[in-house]
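Heads up: the structure comes next, in structure tokens.
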Amino acid sequence: MGILIHLYLFNTGDHIMKILVVDTETTGLDPESDKPIEVAAILWSTSHKSILIQVSTLIGYKQEVPNPVEPINKIPSELLGKSFPYQPALKLINQMSHSVEYICAHNADFDKEFCKKIVGLNVPLSNWIDTQDIRYPNSKYCQGTSLNNLAIAHGIPIVDAHRALDDCKTLTKLLSLVPNLEEELKRASRPKVLVKSFEEKPGTLSKMNGFKWHSIIPYSWAKYMPKEDIASLPFSAVQVSLEESINAQERKS
């Protein structure tokens, strides 16, 4: 009954829906070998800064799925092999995702890859925004762009971190503090290139600006960002090719 009511609200024809905030919980960090075990989505009005619909579900499997990170996300392995009707939740997320301008996630590439592995979840892949690229009021006081770092810097309590719906709620609270949010979303949606920082470790400024160490390019600070923003970085950086950078590193090794 709850889902039927939500669908009625969704189809009222009132075009106030703007973005879909998505988060996943997984058994690890590798989309090739690890599994998605929970997905949540919040349909959020940017003009009203209000939740319209929220949905969260564990992902069921035919047999128990080992969850090595259970101490972090508190999702018991034995639950994942149980039979429960989670497909209607996926259908609702699908319907929401096809009616918004942007799909937003913190570390969007990660969540997008795991969403692709969820059977029955068919969200668009072309209009995702990484909310790490948003300029938040207190970003300059953060040592990094993680959701927890940003939330703490903005006085947002961390409740049940690493559960998908709670992380989505934290992100909507963070987004609600951004002036001219729609302009920021458009700015964050610009095409990106791979950029390598020449700042040496510990790379404090690189980390503050969202660069990741040894994540994209081996033993380097790197991130994907709009080419036109490179000149405004407070350290030396340059656009690079991923293949050439990896080959160069391998030759050094």
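Quick check: residue separation of S146 and N180 times 0.36 nm, minus the Cα distance between them. What number comes out in nm? Intermediate results must be reported in sequence, preceding the final value.
Details: separation 34, 0.36 × 34 = 12.24 nm, distance 2.14 nm.
Taking 0.36 nm per residue and subtracting the Cα distance, the gain is 10.1 nm.
Go ahead and estimate [θ] at 222 nm for the chain from helices alone: -39,500 (n - 2.57) per DSSP H run with n ≥ 4, summed, over the residue count, rounded to 500. Don't skip to the answer; put the middle values down first.
On the way: 9 runs with 75 residues, N = 253.
Only helices count here, giving -8000 deg cm²/dmol.
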In this structure, the FRET efficiency calculated for K49 and S77 from their beta-carbon separation, with R0 = 41 Å, to the nearest 0.05, is 0.65
Sequence-distant lysines (8 or more away, or on other chains) whose Cα lies within less than 20 Å of K62: K35, K82, K91, K116, K117
List the pair-distance distribution P(r) of segment 2-189, using every Cα-Cα distance, as the percent of pairs falling in each 10 Å bin from 0 up to the bin containing the longest distance, rounded to whole percents. 9, 37, 36, 15, 2
For the residue pair A231 and E243, what label-to-label distance in nm results when each label sits 7 Å from Cα along the Cα-to-beta-carbon direction? 3.0
With segment 191-253 reduced to its Cα atoms and the Debye formula applied, log10 I(q)/I(0) at q = 0.17, 0.19, 0.25, 0.27 1/Å amounts to -0.51, -0.64, -1.07, -1.21
Want the number for V193 to N127: 0.36 nm per residue separation, take away the alpha-carbon distance, what's left? 22.1 nm
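No lab work stands behind these numbers, since they all come straight from the coordinates. All values reported here derive from a predicted model rather than from experimental measurement. Cβ coordinates were reconstructed from backbone atoms using ideal geometry, including for glycine residues, and neighbour counts include every protein chain displayed.
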